[in-house]
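Here is the structure we will look at, set down as structure tokens.
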Amino acid sequence: MPKPTVVVAGLGDTGILVATRLARSCRVVAVTTRPALVSGQELGMRLTDPEHWKRSYFVPLSRFRRFDNVDVHHGRIASVDLGGSSVCVQRADGLTEDIRYEALVIATGVSNGFWRDDRVEDLAAAAARIAESAQRLDVARTIAVVGGGATGASVADNVARRPGVTVHLFFPGNELLPQHHPKVRRWVERTLRDHGVILHPEHRAVLPEGIAPNRITEGPIEWSSGQPPVEADAVVWAVGAVRPHSAFLPTVVLDEQGFVRVNEFLQMPGFANVFAVGDVAASDPLRSSARNWGYRAVVSNVGSVLRGRAPRRRFRAPKYRWGSVFGLQHEGLTVATAKGARFRIPRRLAEPLLYGVFVTRGLYGGLRHQPDRASPTP
């Protein structure tokens with residue numbers, strides 16, 4: 001019997017995990033705007049040490065051994081017929097193609113500032129943009145970071161570790177990291193102050209043109225909260241004004257903000273063979289299925305549906321966000337838990353064990369040291 005076809009829309013961190021695991025028993029067709037993993041994680045490290053960041057977070061798909069059995073299409077989904085179980089793919093070469101599926105997994109993510117978007121580009125263009133942003137900060141002496149979440153804190157801390165720079169962190173509330181445990185918030189604030197970051201609470205920025213810029217800008221920054229404008233050599237916008245990549249879907253399956261409605265099985269209500277996972281999925285108030293093993297629920301439940309059974313694996317999200325805030329540093333990798341505890345993995349162990357064994361081999365199933373076959377073509 002022919003294998004059932006599963007279309008996976010989006011190949012970020014979560015989409016890759018779903019696609020490679022379903023490829024063991026299904027024909028997987030994956031649609032991606034870039035022929036590489038370009039992760040949205042660890043922006044602070046990406047801006048201050050891009051070459052090291054790219055080792056783990058910018059990886060051509062040709063290096064993933066498990067992608068040998070995945071049919072990759074470089075482009076984007078233009079539209080979807082949920083009732084007819086088919087998608088229309090607009091390829092990078094301008095041609096379109098209709099693909100029928102037995103199951104569809106939506107993992108298209110969100111746009112957020114200059115480092116996360118859904119533009120269709122090749123490897124060279126993606127690499128050039130990464131280098132351009134890092135070079136922009138290299139020449140700046142006064143840097144303003146706007147945003148009080150984990151991304152803003154990460155950027156501020158990583159940049160402040162450089163000599164000869166002054167870093168200001170502006171955020172709208174009284175506390176940083178409102179989605180993290182209170183103990184984590186206090187630790188992050190302490191760490192930032194110890195590294196010389198100047199904190200400015202209760203500053204709500206006026207977004208240029210009403211949205212977060214897709215580039216690092218210069219000052220001045222204006223405030224709707226009443227403070228006078230602020231000048232800076234470089235302004236990093238990390239305001240969390242995310243926009244889901246869901247325009248190809250009918251609005252009836254989206255919530256008020258455009259995120260994909262899902263039930264506790266990460267399944268789209270009304271369409272048993274459609275699932276959504278990651279930042280685009282309205283799975284919980286924090287939309288945290290990317291970080292909390294949501295891919296496992298999707299893989300299991302897609303398998304159940306393809307066998308004619310009801311999904312059984314529920315997705316459960318913690319109350320608070322967890323994980324690394326500042327990324328890998330000289331002293332190691334500090335991970336904050338959802339219950340407010342912290343533990344540090346020494347750098348000598350974090351790189352070979354966490355990234356080399358757990359991530360590269362355990363999650364991704366092994367990477368080729370150098371690409372030995374052509375990158376996916378449209």
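Read-outs throughout are calculated quantities, based only on the coordinates presented, and are distinct from any laboratory measurement. Everything numeric here is computed off the predicted structure, so don't read it as measured data. Using ideal geometry, Cβ is built from the backbone for each residue, glycine included, and neighbour counts are taken over all protein chains shown.
Of the residues GLY196, GLY164, GLY366, the one that moves most in a GNM of the chain with alpha-carbon contacts below 10 Å is GLY164. Rounded to the nearest 0.05, what FRET efficiency is calculated for ALA310 and THR251 with R0 set to 30 Å and r the Cβ-Cβ distance? That gives a FRET efficiency of 0.65. Helix 13-22 and the longest principal axis of the Cα set of the chain meet at an angle near 20°.
A Förster distance of 41 Å, applied to the separation of the beta-carbon atoms of TRP293 and VAL120, puts the FRET efficiency at 0.90.
A simple charge model with +1 on the Cβ of Lys and Arg, -1 on the Cβ of Asp and Glu and nothing else charged puts the dipole of the range 254-293 at about 100 debye relative to its Cα centre. Ranked for footprinting exposure by Cβ neighbours inside 10 Å, fewest first, CYS88, CYS26 give CYS88, CYS26. Each Lys or Arg adds one and each Asp or Glu takes one away; over the other residues whose Cβ falls under 15 Å from the Cβ of GLN257, this sums to -1. Roughly what angle does helix 294-306 make with the longest principal axis of the chain, taking Cα atoms, 0 to 90 degrees, to the nearest 10? With rounding to tens, the tilt is 10 degrees. Starting from the Kirkwood radius over alpha-carbon pairs of the range 135-237, derive D by Stokes-Einstein at 25 °C in a medium of 0.890 mPa s and give it in µm² s⁻¹. D = 179 µm²/s. The magnitude of the dipole of the chain, with charges of +1 and -1 set on the Cβ of Lys/Arg and Asp/Glu and taken from the Cα centre, is near 1800 debye. The stretch between ARG161 and GLU264 holds 32.9 nm of extra length on full extension. This uses 0.36 nm per residue minus the Cα-Cα distance. Each of TRP237, ALA156, LEU137 was placed along the dipole of the range 135-237 (beta-carbon charges, centred on the mean Cα), and the one lying farthest toward the positive end is ALA156. Between ASP138 and ARG24, the distance separating the two model label sites (each 7 Å from Cα on the Cα→Cβ line) works out to 4.3 nm.
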